[in-house]
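The values are calculated or read from the model by the stated rules, or taken from the named source; none is laboratory data. Just so it is clear, the model here is predicted, and its values are computed rather than measured. Methodologically, a virtual Cβ is constructed for each residue, glycine included, from the backbone with ideal geometry; neighbour enumeration extends over all protein chains shown. Side chains are part of the model used for accessible areas, which takes the heavy atoms of the whole protein and leaves out ligands, DNA and RNA. Shrake-Rupley method; radii C 1.70, N 1.55, O 1.52, S 1.80 Å.
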Amino acid sequence: MEPSFSLKTILTISLFLFFLTPQSSLAIKVPFYPQDLLPLLPRQVSWPILNYLNGAVDLLPTFVGAASAFNDTGEWKGACFYENRAWMEFHNKTGSEFGGGTLHLKVSKAHSWTCMDIYVFATPYRVTWDYYFLSREHTLEFKEWDSKAEYEYVKRQGVSIFLMQAGMLGTLSALWDVFPLFTNTGWGENSNIGFLKKHMGATFEQRPQPWATNISVDDVHSGDFLAISKIRGRWGGFETLEKWVSGAYAGHTAVCLKDSEGKLWVGESGHENEQGEDIIAMLPWDEWWEFELNKDDSNPHIALLPLHPDVRAKFNETAAWEYALSMNGKPYGYHNMIFSWIDTLDGNYPPPLDSHVVASVMTVWNHMQPEYAANMWNEALNKRLGTQGLDLPDVLVEVEKRGSSFGELLTIPEQDDWLYADGKSTSCIAFVLEMYKEAGLFDPISGSVQVTEFTIKDAYTLRFFENNSSRLPKWCNDGDDVKLPFCQIKGKYRMELPEYNTMDPYPHMNERCPSLPPKYYRTQNC
């Protein structure tokens with residue numbers, strides 16, 4: 001019986017032949033680009049191809065230049081059009097105080113007849129977008145500038161232009177790729193695992209059951225560290241992106257403390273209270289552990305990292321409790337959450353991220369959720385400038401006036417003693433390490449260490465933890481034929497903590513460290 005070939009079958013074969021053909025060998029513009037026709041194919045064929053070609057990171061725009069009245073952007077290559085140039089023309093068509101402007105964007109040399117490019121355009125005061133599929137000069141109108149500050153900024157710095165590198169179809173594919181990261185489903189969990197395997201090289205080897213350890217609290221001591229990795233739901237998706245940009249193989253942390261009666265407690269920055277607020281809390285171990293075992297729907301994987309006996313001997317339990325109780329009930333440290341990750345001008349941004357994209361994202365949030373944006377970064381940016389009360393647009397203008405850049409501003413180290421409107425600000429890891437600092441573990445250099453600059457990876461690489469497996473509790477990794485150097489107490493997959501317990505503290509540690517995937521190499525003494 002002769003096989004029958006449908007149009008879709010022929011297209012499918014053509015697609016695979018095309019993907020195997022070097023692009024440089026295609027000397028003419030084809031009437032259609034095979035990738036543009038993927039939606040015509042069955043979903044079980046098209047989406048695997050799209051997911052192979054594109055991923056969640058394709059949602060991130062790439063900065064290609066800024067168009068001002070005095071300088072055009074120079075040429076760049078788009079996803080669809082290979083020759084592009086933009087420039088700005090000021091006018092006052094509305095008769096307003098500061099006038100407006102027209103951004104001209106000339107696109108040419110499309111690789112096919114069916115492709116298009118998507119762009120995002122941003123100033124400190126607005127963000128907009130447009131798409132183009134015809135080879136010609138396009139225009140984008142700014143009828144009126146928001147203020148003199150925006151007018152002066154655009155005149156000097158221009159309108160920032162960002163390209164969605166994956167094009168229209170790739171962007172839609174990326175949306176499909178990133179959406180499940182935040183869903184509380186098996187699909188979402190597999191998406192998070194797939195993302196971390198693809199972008200960080202994580203392995204997710206399955207452990208033998210039982211996946212929860214029968215812990216004896218007598219073997220847990222004050223200062224023992226809890227590394228937590230959530231892989232599904234809202235927090236799973238957030239942690240996946242956090243791991244990708246920072247190089248950490250855990251996304252949340254907590255710390256153990258025993259009181260004078262020997263009762264075990266857990267200190268956690270990021271505990272959700274009954275009002276749905278994320279706060280710093282001291283919780284009885286039994287309450288915390290029961291929640292993680294039976295109620296936490298993010299499928300947490302948890303490792304206990306016992307302190308080394310010599311380090312434990314230095315741990316001032318009284319000072320640790322004083323610090324913990326002084327922070328109990330205070331808000332989670334949103335103010336400085338992103339700044340521990342950004343230390344350098346270009347060594348902390350996985351492509352296509354850069355400081356321009358960060359500024360653009362902040363601008364979007366500043367318009368959509370002004371209170372949220374102010375809590376996340378406005379006050380922290382003012383701290384770095386030595387100013388008070390500036391909102392994000394004013395911060396960007398002030399930086400430009402000083403002859404600096406937003407990228408340089410982001411690299412200024414956070415200071416542990418900075419006081420925000422709601423008090424000291426500590427993320428989950430800053431809370432743990434500030435307790436370590438108060439308890440004496442960073443002595444004699446504690447005055448020259450800013451723990452708010454540490455990521456979770458920076459924390460678990462400290463040489464503070466047990467290095468002799470014979471001293472680990474008997475229940476540690478019980479039943480697993482792979483003996484980890486720490487105690488995994490919950491989780492289906494074996495946790496990885498690369499470079500665990502390898503680095504001694506030093507002055508100004510982690511203030512100037514690069515962190516680019518997939519290897520996340522750091523320079524010496526950064």
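Does residue 288 satisfy the condition of being open to solvent by less than 10 Å² (accessible area, probe 1.4 Å) and assigned to a helix (DSSP H, G or I)? When the stated conditions are applied, residue 288 passes them.
Which of (1) under 21 Å from residue 496 (Cα atoms); (2) over 26 Å from the mean Cα position of the chain (by Cα); (3) in a strand (DSSP E or B); (4) of a type outside the set (Ser, Thr, Tyr) does residue 303 not meet, given it meets every other one? Result: residue 303 fails condition (2) only.
Buried (at least 17 other Cβ atoms within 10 Å of the Cβ), closer than 30 Å to residue 259 by Cβ and not basic (Lys, Arg), is that true of residue 229? Yes.
Applying a threshold of 8 Å to beta carbon distances and a minimum spacing of six or more residues, or different chains, the list of pairs starting in the range 281-309 at a residue that is touching a residue at least 40 places away in the same chain (Cβ under 8 Å) and more than 22 Å from residue 332 (Cα to Cα) and ending at one that is small (Gly, Ala, Ser) and open to solvent by 10 Å² or more (accessible area, probe 1.4 Å) reads 293/212.
Based on this model, can you work out whether residue 224 counts as touching a residue at least 24 places away in the same chain (Cβ under 8 Å), closer than 22 Å to residue 260 by Cβ and open to solvent by 10 Å² or more (accessible area, probe 1.4 Å)?
Numbers: touching a residue at least 24 places away in the same chain (Cβ under 8 Å): yes; closer than 22 Å to residue 260 by Cβ: yes; open to solvent by 10 Å² or more (accessible area, probe 1.4 Å): no.
No: the conditions fail for residue 224.
Looking across the range 458-475, the residues that are out of contact with any helix residue (DSSP H, G or I) (no Cβ under 6 Å at 6 or more places or on another chain) and assigned to a helix (DSSP H, G or I) come down to 458, 460, 469, 470, 471. Residues in the range 417-430 that are touching a residue at least 12 places away in the same chain (Cβ under 8 Å) and either open to solvent by 20 Å² or more (accessible area, probe 1.4 Å) or over 17 Å from residue 376 (Cα atoms) (or both): 418, 421, 422, 424.
For residue 237, the requirement of being touching a Leu at 6+ places or on another chain (Cβ under 6 Å), buried (at least 21 other Cβ atoms within 10 Å of the Cβ) and either over 21 Å from residue 376 (Cα atoms) or not polar (S, T, N, Q) (or both) is met. In the set (1) in contact (Cβ under 8 Å) with a residue 60 or more places away in the chain; (2) open to solvent by less than 30 Å² (accessible area, probe 1.4 Å); (3) in contact with a Lys or Arg (Cβ under 8 Å, 6 or more places away or on another chain); (4) of a type outside the set (A, V, I, L, M), the condition left unmet by residue 249 is number (2).
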